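*Asks:* Shown below is the structure under consideration.
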Amino acid sequence: MNFRKIAEEAGLEEREVIEIVHLFIQASASDLKRLEAALRQDSVEGILDAAHSLKGGAASFGFKDIFESARALEASARRNNLQGAGQGIRKIRDGLDAITGALRTRLATGAG
């Protein structure tokens, strides 16, 4: 993940993008926990709410994989269908893990 490029495209400083991505990760981790809890409780409304929140945040940053997984979860929940939700949640978790890893690497090495 090239934070410098993201910053240039957004018209921001790289440090600002890093701070915003860090906040996105924190908020998304909370949404992910809500998704997992909603799935355990078979809560369509909980899936809708958390998936919608994740979808919006991911769209803002162009995190397409997370956006698409959250969009699909939200659409399925709107149809009252939670089949396959676990797989969608795993895809979101994997995407967030990849972003978190890229951020940690960036902070540790100073590389963009």
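The values are calculated or read from the model by the stated rules, or taken from the named source; none is laboratory data. This one's a predicted model, so the numbers in the text were calculated from it and none came from an experiment. For neighbour counting, all protein chains shown are included, and Cβ atoms are generated from backbone atoms with ideal geometry for every residue, glycine included.
*Asks:* Since Gln41 meets every condition but one in (1) in contact with a Leu (Cβ under 8 Å, 6 or more places away or on another chain); (2) farther than 19 Å from Ala98 by Cα; (3) of a type in the set (S, T, N, Q), which condition does it not meet?
*Replies:* Of (1) in contact with a Leu (Cβ under 8 Å, 6 or more places away or on another chain); (2) farther than 19 Å from Ala98 by Cα; (3) of a type in the set (S, T, N, Q), only one is false for Gln41: (1).
*Asks:* Continuing with this model, one more query. Is it the case that the range 71-83 has a residue that's modelled with pLDDT under 90, part of a loop (DSSP other than H, G, I, E, B) and either surrounded by fewer than 17 Cβ atoms within 10 Å (Cβ to Cβ) or not hydrophobic (A, V, I, L, M, F, W, C) (or both)?
*Replies:* no
*Asks:* Out of Ala7, Ala27, report the one residue that is farther than 22 Å from Ser76 by Cα, assigned to a helix (DSSP H, G or I) and over 16 Å from the mean Cα position of the chain (by Cα).
*Replies:* Matching residue, one of Ala7, Ala27: Ala7.
*Asks:* What pairs can you find where one residue is in the range 15-32 and without any contact (Cβ under 8 Å) to a residue 24 or more places away in the chain and small (Gly, Ala, Ser), the other is surrounded by 14 or more Cβ atoms within 10 Å (Cβ to Cβ) and assigned to a helix (DSSP H, G or I), and their Cβ atoms are less than 9 Å apart, with a gap of 6+ or different chains?
*Replies:* Ser30/Ala50; Ser30/Ser53
*Asks:* Here is a follow-up. Restricting the range 1-54 to residues that are touching a helix residue (DSSP H, G or I) at 6+ places or on another chain (Cβ under 6 Å) and basic (Lys, Arg), which is farthest from Phe67 (Cα to Cα)?
*Replies:* Arg4
*Asks:* Next question, about the same structure. Out of the residues in the range 30-57 meeting the condition of being at negative phi and not in a helix (DSSP H, G or I), tell me which one is surrounded by the fewest Cβ atoms within 10 Å (Cβ to Cβ).
*Replies:* Looking only at the range 30-57, we keep the residues that are at negative phi, and these are 30-41, 43-57.
With the extra rule that they be not in a helix (DSSP H, G or I), the set shrinks to 41, 43.
Numbers: Gln41: 11, Ser43: 17.
If we take residues in the range 30-57 being at negative phi and not in a helix (DSSP H, G or I), then Gln41 is surrounded by the fewest Cβ atoms within 10 Å (Cβ to Cβ).
*Asks:* Residue check: is Asp65 in a helix (DSSP H, G or I), surrounded by fewer than 19 Cβ atoms within 10 Å (Cβ to Cβ) and either at pLDDT 95 or above or not polar (S, T, N, Q) (or both)?
*Replies:* Yes: the conditions hold for Asp65.
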